[in-house]
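Q: My questions will all concern the structure given below.
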Amino acid sequence: MTASRRLIDDCFLTDTERMRHDEALALIRTRLRPVVDIEDVPLASASGRIIASAVTAPRPVPGHDNAAVDGFAFAHADYTASDGRLPVSVRIAAGHPASFALPAGSAARIFTGAVMPPGADTVAMQEDCRTEETETATLVVVPKGLKLGANRRLRGEDLAGGATIIEPGTRLTPQDVAAIASTGMGSVSCYKPLRIAMLSSGDELLAPGAPFTEGAVYDSNRPLIAAMLAALPAEITDVGIVPDKGAAVREALAGAAASHDAIISSGGASRGEEDHLIEALEDLGKRHLWQIAVKPGRPMSFGQIGDCVMLGLPGNPVAVFVCFALYVRPALLALAGAAWREPRRLLLDAAFAMKKKPGRREFLRGILIDDNGGIRRVAKFPRDGSGLITGLREADGLIELPEEVEAVTEGDPVRFIPFGELGLPPG
Ligand code: AMP
Ligand code: MG
């Protein structure tokens with residue numbers, strides 16, 4: 001299917017000089033729409049993909065009442081009317097349903113997953129029963145006290161037939177895949193992966209693996225961004241390192257924009273003499289510098305070149321990591337068709353004290369403290385410094401201090417966003 005899925009022409013335009021964190025997210029949430037087409041995806045490769053239209057169960061799951069254990073099935077009324085001693089009249093294994101109803105007053109030898117025969121409503125576990133042979137029959141002796149419906153799974157108790165089981169915009173988890181498979185569907189309608197190009201910008205940068213030269217900085221942002229993108233439904237093109245020259249930056253952006261849904265860059269995104277990204281973006285399309293009132297936060301550039309979204313991250317690794325998790329990832333998910341999802345927060349006691357400037361939101365690298373086998377407290381990485389990758393590695397998530405907070409005292413409840421809520425593996 002090829003639908004016309006286009007960006008709003010000026011999706012990143014904003015009048016605010018300094019945006020609050022919430023405003024930035026609201027803009028991303030309301031302006032960005034899916035830009036990718038829809039395709040049928042076999043279930044085996046559907047985990048992590050985004051569902052394009054509601055998935056409805058074509059039949060109930062389980063499809064029939066069945067035994068939850070190996071044992072004996074019977075009508076509870078027959079069981080209570082007798083001394084618990086019932087003749088075994090039939091044997092029913094999984095996948096081999098009986099073609100007739102259970103003869104009144106008898107029990108069926110039954111195995112886990114086998115269809116309950118009409119007339120039976122209760123199953124006794126084989127471990128709780130014993131059998132007695134007579135000349136004419138095998139009798140099962142069922143202990144007292146079994147409740148009606150014991151060890152029986154009901155038709156439709158997991159999923160009702162016709163029920164919506166997955167809403168559009170859901171990113172399929174392995175559990176979702178299992179639910180879809182259980183209804184018998186072999187494929188689902190998903191948004192196609194986003195085509196994303198990524199690049200690093202800076203004359204000082206050197207690709208990891210290259211011999212070190214004086215003054216060089218190894219490019220850690222591209223591997224970081226590539227690894228964070230790997231968790232999204234995306235096909236990645238690595239454009240490499242682009243030097244600090246206007247023409248080179250323009251050429252790289254124009255080339256990538258022609259064949260991608262989004263470009264992610266890091267570095268060169270300020271208004272410095274050696275920063276060419278902004279200018280190139282202005283030449284080729286539209287750019288909007290977002291000054292978000294958060295720390296860590298340098299201005300980020302958002303823009304578009306035709307139908308390609310441009311997300312320009314700062315150069316410092318900590319800012320790259322935090323801005324990717326907070327803004328770039330939600331933006332990409334929105335473009336990829338995912339429904340909006342706020343990261344959930346835990347409320348933990350601060351194991352630190354600090355002063356804070358009001359008016360901006362701060363995100364600290366948070367380290368969970370395990371006291372006697374349980375977690376109630378969070379510490380912050382003690383060093384500042386936007387170049388310290390070490391802090392990102394030690395952290396388990398981000399501590400979020402709202403705009404109005406002016407100080408944190410030890411023991412104050414603080415909001416903590418676990419990395420898992422930001423699509424990152426736990427630290
Ligand atoms: P810039 O935004 O280009 O001024 O870069 C800010 C800081 O981040 C400088 O110290 C750069 O050397 C550093 N930086 C920029 N890009 C990268 C990168 N890809 N990997 C590691 N450090 C970077
Ligand atoms: Mg630079």
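The values are calculated or read from the model by the stated rules, or taken from the named source; none is laboratory data. None of these values were measured; they are calculated from a predicted model. Because the Cβ atoms are built from the backbone with ideal geometry, glycine has one as well, and the counts that use them run over all protein chains shown. In case anyone asks, the SASA skips ligands and DNA or RNA and just uses the protein heavy atoms, side chains included. Shrake-Rupley method; radii C 1.70, N 1.55, O 1.52, S 1.80 Å.
Q: Antiparallel versus total DSSP beta bridges in region 264-357: what percent is that, nearest 5?
A: Bridges in region 264-357 are about 75 percent antiparallel.
Q: Pull up the DSSP beta bridges for region 52-140 and report the antiparallel fraction as a percent, rounded to 5.
A: Approximately 75 percent, going by the DSSP bridge assignments.
Q: At a 1.4 Å probe radius, which order do Met300, Met125 fall into by accessible area, largest first?
A: Output order, biggest surface exposure first: Met125, Met300.
Q: Oh, and also: From largest to smallest, what semi-axes in whole angstrom does region 294-427 give when each is the square root of 5 times an eigenvalue of its alpha carbon gyration tensor?
A: So the equivalent ellipsoid measures 27, 17, 14 Å along its semi-axes.
Q: How big is the C-alpha Rg of the chain next to the rule-of-thumb value 2.2 N^0.38 Å, as a ratio?
A: That works out to 1.37 for the chain.
Q: Tally Lys/Arg at +1 and Asp/Glu at -1 over every other residue whose Cβ is under 15 Å from the Cβ of Asp307; what's the total?
A: After counting each charged neighbour, the total is +3.
Q: Thinking of region 172-297 as a set of Cα atoms, what percent of all their pairs are more than 19 Å apart?
A: More than 19 Å apart: 60 percent of the Cα pairs in region 172-297.
Q: For the chain, what is the percent of antiparallel DSSP beta bridges, rounded to the nearest 5?
A: The antiparallel proportion sits near 65 percent.
Q: Ok, one more. Which value, in Å², gives the accessible area per residue of the chain when a 1.4 Å probe is used on the protein heavy atoms?
A: 47 Å²
Q: Give, in nm to one decimal, the length gained when the segment between Ala258 and Glu157 is fully stretched (0.36 nm per residue of separation minus the Cα-Cα distance).
A: 31.3 nm
Q: Among the GluC sites (Glu not before Pro) within region 99-154, which fall in a DSSP loop and have no more than 11 other Cβ atoms within 10 Å of their own Cβ?
A: Glu135
Q: Let me ask something additional. Give the residue list of trypsin sites (Lys or Arg not before Pro) in region 222-303 that are DSSP loop and have at most 16 other beta-carbon atoms within 10 angstrom.
A: When the trypsin sites (Lys or Arg not before Pro) of region 222-303 are filtered for loop state and at most 16 Cβ neighbours within 10 Å, Lys245, Arg271 remain.
Q: Please identify every one of the trypsin sites (Lys or Arg not before Pro) in region 334-367 that sits in a loop by DSSP and has no more than 14 other beta carbons within 10 Å of its own beta carbon.
A: Arg341, Arg344
Q: Would you please report the Å³ per residue occupied by the convex hull of the alpha carbon atoms in region 129-184?
A: With only Cα atoms used, region 129-184 gives 174 Å³ per residue.
Q: Quick one: go through region 61-98 and flag any residue whose amide nitrogen is under 13 Å from the point 7 Å out along the Cα-to-Cβ line of Glu127.
A: Once the point is set 7 Å along Cα→Cβ of Glu127, 69-71 turn out to lie under 13 Å by backbone N, inside region 61-98.
Q: So how do Thr170, Thr136, Thr164 rank on accessible area, 1.4 Å probe, biggest first, that is with the largest at the start?
A: Largest to smallest exposure gives the sequence Thr136, Thr164, Thr170.
Q: While we're here: So how far, in whole Å, is the C-alpha centre of region 1-44 from the one of region 48-88?
A: That distance is 45 Å.
Q: Keeping the other protein chains in place, figure out the carbon and sulfur percent of the accessible area of the chain, with a 1.4 Å probe.
A: C and S fraction of accessible area: 52 percent.
Q: Have a look at region 1-53 and give its Rg and Dmax from the Cα atoms, expressed in angstrom.
A: 15.6, 47
Q: Want the number for His64 to Glu342: 0.36 nm per residue separation, take away the alpha-carbon distance, what's left?
A: 96.3 nm
Q: Relative contact order for the chain: what is it in percent, counting Cα pairs under 8 Å that are at least 6 residues apart?
A: After rounding, I find 16 percent.
Q: So what's the gap between the Cα centers of region 378-427 and region 274-314, to the nearest angstrom?
A: 26 Å
Q: Additional query: Beyond 13 Å, what share of the Cα-Cα pairs of region 352-427 is found? Please give it as a whole percent.
A: 68 percent
Q: Dividing the Cα radius of gyration by the Kirkwood radius, what Rg/Rh value follows for region 222-290?
A: 0.96
Q: Calculate the FRET efficiency for Glu394 and Phe212 from the Cβ-Cβ distance with a Förster distance of 35 Å, rounded to the nearest 0.05.
A: My answer for the efficiency is 0.85.
Q: Based on the Cα coordinates of region 1-127, what is the per residue volume of their convex hull in Å³?
A: Cα-based convex hull of region 1-127, divided per residue, equals 213 Å³.
Q: With runs of 4+ DSSP H residues as the only contributors, calculate the mean residue ellipticity of the chain at 222 nm using -39,500 (n - 2.57) per run, divided by the residue total and rounded to the nearest 500.
A: After summing the helix terms and dividing by residue count, I get -5000 deg cm²/dmol.
Q: At 1.4 Å probe size, put Trp290, Trp340 in order of accessible surface, largest to smallest.
A: Order by accessible area, largest first: Trp340, Trp290.
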